[in-house]
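Below you'll find the structure, written out as structure tokens, and then a few comments.
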Amino acid sequence: MTQEELDALMAEDLSDLGNSINSIDSIGLEEPNQKEDADAVIQDGGHIVTHDNYRVSSTSAWPPPPPTDDHKVVHQLDDVTKDSEEKATEMFDKLETINGFCLDAENTSNDAKTCIARNIEVFEILHEKFPNVQTFGELLELNKNLDNKIDNIINSVQMGQDEVMMTMDMMQYQDIHRQKIERVINVMRALSKYMNSLFEGKIDDDKRVGSAMHIEGDTTTEDVVSNADIEALINSLGKK
């Protein structure tokens, strides 16, 4: 090879090197303070999203929400079972309190009914002995009507107690739902442990070799050139 041919080859290689550097400039080297967060993701439309500025979008199916405490599935299910159990306990306490009020009302109504029955006996005797006294007859009818109303009150209170007991029975399904959710949690945790064990490696991740930036067949990284590639190219030119 003559000196002219060598110079031409050097010029061609330097031209290729310049084109590669220009392509790197077109990609844009980021300043350290502009470097993306390692946990950043890109939503539809190219918008960069991090944990801090993530917003749920109904139009974006990907990426999924970041693994914060608000989106961790097992955390959410644990909160559901805990909160539902606490609220169910409070609900049972309230229903028992209502049932106690109904029982007190029934007992009070029975006491009042006993007094009214005594009044009816007295006014019946007075009305028989003094049939011309209109007041005794009116009070007798008034107490009989009052006795019927007390019976209606007792029936309503008893039906209320029955409704409270049926509500307590229906609340038992909450415990069944809690058990089903706990079963789901246990299955998910078992799968998580299994997957972690399945993909476990003998080499620590910080000791592994970095992934190649471009592999033959890739369609989006053809123009990516690393600093190591540039240095290797310069060294190879210097050895010719």
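The values are calculated or read from the model by the stated rules, or taken from the named source; none is laboratory data. Treat the numbers as computed from the prediction; the structure is a model and nothing was measured. Please note: Cβ atoms are built from the backbone with ideal geometry, for glycine as well, and neighbour counts cover all protein chains shown. Heads up: the accessible areas ignore ligands, DNA and RNA and are worked out on the full protein's heavy atoms, side chains in. Shrake-Rupley method; radii C 1.70, N 1.55, O 1.52, S 1.80 Å.
Here are the numbers:
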{"item": "Filtered residues of segment 104-125 (kept if buried (at least 16 other Cβ atoms within 10 Å of the Cβ) and more than 14 Å from ASN145 (Cα to Cα))", "result": "ALA105, GLU106, SER109"}
{"item": "Sole residue being touching a Leu at 6+ places or on another chain (Cβ under 9 Å), assigned to a helix (DSSP H, G or I) and modelled with pLDDT of 90 or more, chosen from VAL187, VAL164", "result": "VAL164"}
{"item": "Some residue of segment 148-156 being within 53 Å of the chain's Cα centre (by Cα), more than 30 Å from GLN76 (Cα to Cα) and charged (D, E, K, R)", "result": "yes"}
{"item": "In segment 84-96, the residues that are open to solvent by less than 70 Å² (accessible area, probe 1.4 Å) and within 19 Å of GLY160 (Cβ to Cβ)", "result": "PHE92, LEU95"}
{"item": "Count - residues of segment 88-145 that are polar (S, T, N, Q) and closer than 30 Å to TYR173 by Cα", "result": "3"}
